[in-house]
Amino acid sequence: MTVLVLHGVNLNMFGRRDPAQYGTATLDDINAALAALAAELGAGLVTFQTNHEGAMVERIHAALDDGTSAVVINAGAWTHTSHAIADALALLPVPVVEVHMSNVHAREPFRHESVLARVCAGSIAGFGVQSYLLGLRAACALVR
Ligand code: DQA
């Protein structure tokens, strides 16, 4: 089993961005925690971050043929806007889990809607780095 974790726009700035919402862990810290948990769960892990929407769409397309068993995605602000990313995720025959570091439902109204939710098995928000780790656990449980 290989889980693809996708990090969207601005998420390379974790650790330097609004610590009250996102804490102080960097994206490298998050990926390291994911790699440790993946090893514990006996799963392979691939991570990808981009600030370019088309690059994200093309990485999702590539997941059709690269052995990806499940996807965990934090699309950042694209969560609330990108029907293009939702349509790309809808192409995949594997489970998709949406995650957010912050509790998007307790923030500005525009963050309350996810246009990706329609193509996701479920979503986890508000637990910081643990949101990703819970998302990885959920993805593995959906595959097994
Ligand atoms: C986020 C929440 C989004 O609303 C925001 O645009 C982000 C990060 C989160 O992880 O809490 O960039 O996805």
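Output the residues belonging to the range 1-18 that are in contact (Cβ under 8 Å) with a residue 60 or more places away in the chain, within 13 Å of the ligand (Cβ to nearest atom) and either aromatic (Phe, Trp, Tyr) or not in a helix (DSSP H, G or I) (or both). Steps first, answer last, please.
Filtering the range 1-18 for residues in contact (Cβ under 8 Å) with a residue 60 or more places away in the chain gives 1-11, 14.
Remaining after also requiring within 13 Å of the ligand (Cβ to nearest atom): 5-11, 14.
Val5, Leu6, His7, Gly8, Val9, Asn10, Phe14 - these are the residues of the range 1-18 that are in contact (Cβ under 8 Å) with a residue 60 or more places away in the chain, within 13 Å of the ligand (Cβ to nearest atom) and either aromatic (Phe, Trp, Tyr) or not in a helix (DSSP H, G or I) (or both).
List pairs: first residue in the range 62-81 and within 25 Å of Glu113 (Cα to Cα), second residue more than 15 Å from the ligand (Cβ to nearest atom) and part of a loop (DSSP other than H, G, I, E, B) anywhere in the structure, Cβ distance under 8 angstrom, at least six positions apart or on different chains.
These pairs meet every condition: Ala70/Met1; Ala70/Val94; Ala70/Pro95; Val71/Ala63; Val71/Leu92; Val71/Val94; Val71/Pro95.
Consider Ile60 against the criteria (1) hydrophobic (A, V, I, L, M, F, W, C); (2) surrounded by 17 or more Cβ atoms within 10 Å (Cβ to Cβ); (3) within 12 Å of the ligand (Cβ to nearest atom): it satisfies all of them except one. Which criterion is unmet?
(3)
Taking Gln21 and the conditions (1) part of a helix (DSSP H, G or I); (2) free of Cβ contacts under 8 Å to residues at least 24 places away in the same chain; (3) out of contact with any strand residue (DSSP E or B) (no Cβ under 9 Å at 6 or more places or on another chain); (4) within 12 Å of the ligand (Cβ to nearest atom), which numbered condition does it fall short on, given that it satisfies the others?
(2)
Would it be correct to say that Glu40 is among the charged types (D, E, K, R) and within 12 Å of the chain's Cα centre (by Cα)? First the steps, then the outcome.
On the way: among the charged types (D, E, K, R): yes; within 12 Å of the chain's Cα centre (by Cα): no.
It is false that Glu40 is among the charged types (D, E, K, R) and within 12 Å of the chain's Cα centre (by Cα).
Looking only at the range 101-123, filter to residues that are hydrophobic (A, V, I, L, M, F, W, C) and near the ligand (Cβ under 10 Å from one of its atoms); which one of those is surrounded by the most Cβ atoms within 10 Å (Cβ to Cβ)? Spell out how you get there, then give the answer.
Narrowing the range 101-123 to residues hydrophobic (A, V, I, L, M, F, W, C): 101, 104, 106, 110, 115-117, 119-121.
Add one more test, that the residue is near the ligand (Cβ under 10 Å from one of its atoms), and what stays is 101, 104, 110.
On the way: Met101: 25, Val104: 20, Phe110: 10.
Among those residues, the one meeting the criterion is Met101.
Just one of Ala141, Ala88 is over 22 Å from Thr24 (Cα atoms), surrounded by 18 or more Cβ atoms within 10 Å (Cβ to Cβ) and either small (Gly, Ala, Ser) or in contact with a Cys (Cβ under 7 Å, 6 or more places away or on another chain) (or both); which is it?
Going through Ala141, Ala88 in turn, the sole match is Ala88.
Would you call Gln21 polar (S, T, N, Q), within 20 Å of Leu134 (Cβ to Cβ) and buried (at least 16 other Cβ atoms within 10 Å of the Cβ)?
For Gln21, the condition - polar (S, T, N, Q), within 20 Å of Leu134 (Cβ to Cβ) and buried (at least 16 other Cβ atoms within 10 Å of the Cβ) - is not met.
Can you pull out the residues in the range 24-53 that are surrounded by fewer than 17 Cβ atoms within 10 Å (Cβ to Cβ), more than 20 Å from Ser69 (Cα to Cα) and of a type outside the set (A, V, I, L, M, F, W, C)?
Correct list: Thr24, Thr26, Asp28, Asp29, Asn51, His52.
Any read-out appearing in this document is the output of simple, stated calculations on the displayed coordinates, not a laboratory observation. This is a predicted model, so every value here is computed, not measured. We place every Cβ from the backbone using ideal geometry, glycine too, and count neighbours over all the protein chains shown.
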